[in-house]
């Protein structure tokens, strides 16, 4: 299963056993996405939130 990368238009492979919240990445541009919905049309993705490093400041 694949979805189109919103960033570059490439194919983002989605595992058959994907779950909501799973992170997938585009092999073409490297952008990471979070699966946020599983619908009859297939999984829906949004840009993954990147947590900033917290160095205890």
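What follows draws every value from the coordinates through simple rules; no lab data is involved. It should be emphasised that the depicted structure is a prediction, and the values quoted were computed from it without experimental measurement. Positions of Cβ are generated from backbone atoms using ideal geometry, with glycine treated the same way; all protein chains shown enter the neighbour counts.
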Computed E for residue 8/residue 32 - FRET, C-beta separation, R0 22 angstrom, nearest 0.05: 0.95
Distance between modelled label sites at residue 18 and residue 46, nm, 7 Å Cα→Cβ extension: 1.5
Whole-number D in µm²/s for the chain (Stokes-Einstein; Kirkwood sum over Cα pairs; 25 °C, 0.890 mPa s): 204
